[in-house]
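Colleague: I'd like to ask you about the structure that follows.
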Amino acid sequence: MPQDEPIGTTVADRSLQITTALSAEVVVLRERLDIVERLAAAHGLFGPGDVDAYVPEPGVAESLAAARRAFIERIFGTMRVQAPRR
Amino acid sequence: MTDMPHAMMLPPRSGDATREAYWGELQTFLEAEVRPGFRAHYRDVVAPALAADPGRTLDWRGIAAAMRRYGPNRAWYVARTEAQRQAFDASRVIVDGQVDALAERAAALGNGPATLEIDPALPFPDYVQQDAHNMTGGYEDHGQHHPLAAGATYDRALSIHRVAAMGPLVDDVGHSIAARLTQAFPDFAPRRILELGCTVGHTLLPFKAAFPDADVVGVDVSGPCLAFGAARASALETAVTFSQRNAEHTGYPDESVDLVFSRILLHETCEAATRAVFAECHRLLRPGGIMFHSDAPPFDELDPYDQSLRDWDIHFNAEPFMAGYYAMNLEEEFDRAGFRRDAMFRLYAPSLIVQRGYRAEQTRTRGGRYFLAGARK
């Protein structure tokens, strides 16, 4: 049973190691963005409110959606099952 | 942290600082806010099951084995281990990017009030774990051998990861214990003070503050930790000596020391070395001198569940001798080393930082206090 396996050896254990490690990178990225927005505001360029209120023009919206679709394909594409060979 | 606590710590790039702080905060969260909730499972499921099973006893090993099968605790072990390793690595990455600047500063501080005595020929004891408490490279920086980096990393790790625990100078332990000691022994005025396993001097410097007229010396087997510690102490304008010696046989003369102590050293050694240290303490002390050793409380101070918490450290945090050290009968060992039973003591030093308002749980000390055991010669 999974709980009998030595801690750290199961797929679930390894997934948790990876997600724990990844969590730091999310935090680092978010904080950097926060800093960029603060510096931009301090320099009179734009502020966090401008980012919150941003609505992409149609061309940009399509481009962003395409990037999201590509991300989903890269990250989750392997969830597809192969059609069985006859 | 905007201001560095001392000149041997340099500000990192903001992203690196975020990462370093985050790993400390996650460790604190796991220890202070997640793990305590598992005691209910022990109370309601594990303890009754062990009590009902005639083949098993309610000892810490049995409890730990049962608790490992509890899903949330298993997840805690995995996340806690990852966070510990990542925390030290985050600090080491910062230090690696700063080594030249740190070396320059150390050189500039070389004539500072602190003194450094390095002995490169001193053998590094094989009982010290290579990656003690999951710090890659360990105290002697095996694999990289930088003269300062291991010490600088250790200092950052304890200052940043435990800043709520022991202060940015990691000196709460030293100040708290010195205060408790002078309270317990008001007549005690040591002229020569020796710390065994001083690493970078976190606990050593407060003893110079408490006894400013004393000669204060710290010994350790790690060259990089001593070298960094001396530069750090000079930056903090503290006149202490860092000397590369093995605590089992320091080489200092008989009866030449008034206060000899260690802090979180002995659990990183082995049984033979611990006994040798106690004997060395007895040899070094003048009559009336005091020995103490501070660490987490031994098992005989804890209930079996609290003892079982050490299972993570022993098996996942490269602290295998904790199982042996915390099970030692300290008074029996002090007796074996020549100390009189009626002159032995156990004390708890209340954390001064906790008294100033920090949450005890965040400090990860036991109710905001430090354990020490010792004897007066």
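Colleague: Residue check: is B:Tyr127 of a type in the set (Phe, Trp, Tyr), exposed (fewer than 15 other Cβ atoms within 10 Å of the Cβ) and either in contact with a Cys (Cβ under 9 Å, 6 or more places away or on another chain) or within 14 Å of chain A (Cβ to nearest Cβ) (or both)?
Modeller: Values: of a type in the set (Phe, Trp, Tyr): yes; exposed (fewer than 15 other Cβ atoms within 10 Å of the Cβ): yes; either in contact with a Cys (Cβ under 9 Å, 6 or more places away or on another chain) or within 14 Å of chain A (Cβ to nearest Cβ) (or both): yes.
When the stated conditions are applied, B:Tyr127 passes them.
Colleague: On to the next question. Report those helices (runs of 4 or more DSSP H) wholly inside region B:1-82 carrying at least 3 residues which are within 14 Å of chain A (Cβ to nearest Cβ) and either without any contact (Cβ under 8 Å) to a residue 12 or more places away in the chain or under 25 Å from the mean Cα position of the chain (by Cα) (or both).
Modeller: B:14-29
Colleague: Go through region B:303-352 and give me each residue that's of a type in the set (A, V, I, L, M) and touching a Phe, Trp or Tyr at 6+ places or on another chain (Cβ under 7 Å).
Modeller: B:Ala327, B:Ala337, B:Met344, B:Ala349
Colleague: Is there a residue being modelled with pLDDT of 90 or more and in contact with a Leu (Cβ under 8 Å, 6 or more places away or on another chain) anywhere in region B:350-367?
Modeller: To start, the set of residues in region B:350-367 that are modelled with pLDDT of 90 or more comprises B:350-352.
Narrowing further to those that are in contact with a Leu (Cβ under 8 Å, 6 or more places away or on another chain): none.
Looking for residues that are modelled with pLDDT of 90 or more and in contact with a Leu (Cβ under 8 Å, 6 or more places away or on another chain), one finds none in region B:350-367, hence no.
Colleague: A further question follows. B:Gln86 versus (1) more than 14 Å from chain A (Cβ to nearest Cβ); (2) touching a helix residue (DSSP H, G or I) at 6+ places or on another chain (Cβ under 9 Å): which is the lone unmet condition?
Modeller: All conditions pass for B:Gln86, except number (1).
Colleague: Hey, another quick one. Listed residues B:His142, B:His133; which is outside any loop (DSSP other than H, G, I, E, B) and over 21 Å from B:Ala7 (Cα atoms)?
Modeller: B:His133 is the lone residue from the list that is outside any loop (DSSP other than H, G, I, E, B) and over 21 Å from B:Ala7 (Cα atoms).
Colleague: I've got another one for you. Mind checking which residues of region A:1-33 are more than 10 Å from every other protein chain (Cβ to nearest Cβ) and either under 21 Å from the mean Cα position of the chain (by Cα) or more than 30 Å from B:Ile314 (Cα to Cα) (or both)?
Modeller: Within region A:1-33, A:Leu22, A:Leu33 qualify.
Colleague: Is it the case that region B:238-258 has a residue that's aliphatic (A, V, I, L, M), under 24 Å from B:Pro125 (Cβ atoms) and out of contact with any strand residue (DSSP E or B) (no Cβ under 6 Å at 6 or more places or on another chain)?
Modeller: no
The values are calculated or read from the model by the stated rules, or taken from the named source; none is laboratory data. Fair warning: this is a prediction, and the values are worked out from it, not measured in the lab. Virtual Cβ from ideal backbone geometry, glycine too; neighbours counted across all protein chains shown.
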